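Working notes, beginning with the structure itself.
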Amino acid sequence: MSTTILSILSGIVGMFGWGIYDFLGGVFAKQIGPFKSFFWSQLAGLISVLLLALVFTISIHVPILVIILFPIAAIVYSAGYLFFFKGFEIGNVSIVAATMNLWAVFTMLFAFIFMGQRLSTIQTLGVLMIIAGVALASLNWSDIRNQKFQLSSGVKEAVLGAFFFGIFWNISEIISEEVGWLLTTLLVKFGIVVFLLIFSLLVKQEIGLTKIAAKTKSTIILMGIIEAGAVAVVNYGLTIGDAILITPIASALSIMTITLAI
């Protein structure tokens with residue numbers, strides 16, 4: 001199978017996996033808060049990747065570049081999703097999900113500027129369509145008709161989240177090419193959980209789930225496993241392809257999120 005086909009398939013898996021995760025994350029962000037839903041789902045994802053690592057052979061040799069980059073990747077990924085879930089908490093799921101598509105634009109922009117990757121004509125057209133779609137979805141049209149310019153609730157948070165995701169996927173591509181898709185996923189998941197624990201202690205953020213229904217707990221675990229699988233597959237795609245091709249496909253995740261929201 002050609003690398004192009006594998007890259008396309010990895011992007012499609014990312015689209016479905018993140019679409020489901022984002023929808024469930026939006027639901028639980030409103031119920032138990034964005035931090036709890038993100039932390040526990042990421043912990044579940046880390047455990048599932050650890051189990052996966054028992055099946056596949058991974059090299060324990062980690063270059064200095066990866067040691068430097070993976071904590072940065074973990075922090076920007078955490079920041080991206082915390083802003084994204086915050087947007088879900090205060091805004092409309094469909095509008096926030098549509099706005100989040102900007103992460104693909106940021107990813108391709110950074111890949112173009114810093115990694116020398118280039119867009120084809122059709123990819124450039126796709127980027128312009130994403131920007132136009134986000135602009136149309138994120139504006140509060142009732143206020144505009146009343147001659148007041150205002151973004152819909154949660155849009156600012158979603159744009160910030162998209163910016164951090166754009167940084168993350170270019171870093172993730174570098175790490176994946178150095179140590180492979182599985183070790184990349186494992187390192188980043190571990191970094192995310194450690195960062196969130198430290199952050200919760202610094203800001204005295206409650207993370208307990210003692211008063212949460214068992215059904216909610218099990219669903220959060222499931223969404224963490226789904227998201228970890230999506231990240232692993234996309235990281236695999238990045239080892240054989242380019243972020244500038246994979247991320248536009250995966251960015252169609254809002255199709256899943258919006259469909260489930262409806």
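If the segment from ALA214 to THR3 were pulled out straight at 0.36 nm per residue, it would be longer than the present Cα-Cα gap by 71.7 nm.
The loop-placed trypsin sites (Lys or Arg not before Pro) in region 159-228, going by DSSP, that have at most 16 neighbouring Cβ atoms within 10 Å of their Cβ come out as LYS204, LYS211.
Summary of the geometry: region 49-76 and region 3-41, compared by the centres of their Cα atoms, lie 20 Å apart. Translational diffusion of the chain, estimated by Stokes-Einstein from the Kirkwood radius over alpha carbon pairs at 25 °C in a medium of 0.890 mPa s, is 132 µm² per second.
Counting only helical runs of four or more DSSP H residues, what would the 222 nm mean residue ellipticity of the chain come to if each run contributes -39,500 (n - 2.57) and the total is spread over all its residues? Theoretical 222 nm ellipticity from helices: -27500 deg cm²/dmol. Mind checking which of PHE56, PHE16, PHE83 has the largest fluctuation in a GNM of the chain, springs on alpha carbons under 10 Å? Result for the chain, Cα springs under 10 Å: PHE56 fluctuates most. Amide H contacts for GLY33 (H built 1.01 Å from N in the peptide plane; partners 5 or more residues away or on another chain; cut-off under 5 Å): none found. Ligands, DNA and RNA left out, the accessible area of the chain computed with a 1.4 Å probe is 72% carbon and sulfur. The Kirkwood radius of region 143-262, taken over pairs of alpha-carbon atoms, gives through the Stokes-Einstein law at 25 °C and 0.890 mPa s a diffusion coefficient of 142 µm² s⁻¹. Only helices reaching 27 angstrom along their own axis (Cα) with mean Kyte-Doolittle hydropathy no lower than -1.0 count here, and for the DSSP H runs of the chain these are 3-32, 34-55, 64-90, 155-179, 181-202, 214-240. Listed by chain and number, the lysines whose C-alpha is less than 21 Å from the C-alpha of LYS215, apart from same-chain residues fewer than 8 away, are LYS30, LYS36. Heavy-atom accessible surface of the chain, averaged per residue, reaches 47 Å², computed with a 1.4 Å probe. Extending 7 Å from Cα along the Cβ direction at THR121 and again at GLN205 yields two label points whose distance is 4.6 nm.
Here the dipole of the chain is about 680 debye; that uses its Cα centre as origin and unit charges on the Cβ of Lys and Arg (positive) and Asp and Glu (negative). Just checking the listed ones, THR239, THR99, THR247: in the Gaussian network model of the chain with Cα springs under 10 Å, the one fluctuating most is THR239. Our estimate of slack between ILE47 and ILE64, defined as 0.36 nm per intervening residue step minus the Cα-Cα distance, is 3.6 nm.
The values are calculated or read from the model by the stated rules, or taken from the named source; none is laboratory data. None of the values given here were measured: they were computed from a predicted structure. Cβ sites come from the backbone with ideal geometry, for glycine too, and all protein chains shown count toward neighbours. These accessible areas exclude ligands, DNA and RNA; they are computed on the full protein's heavy atoms, side chains included. Shrake-Rupley method; radii C 1.70, N 1.55, O 1.52, S 1.80 Å.
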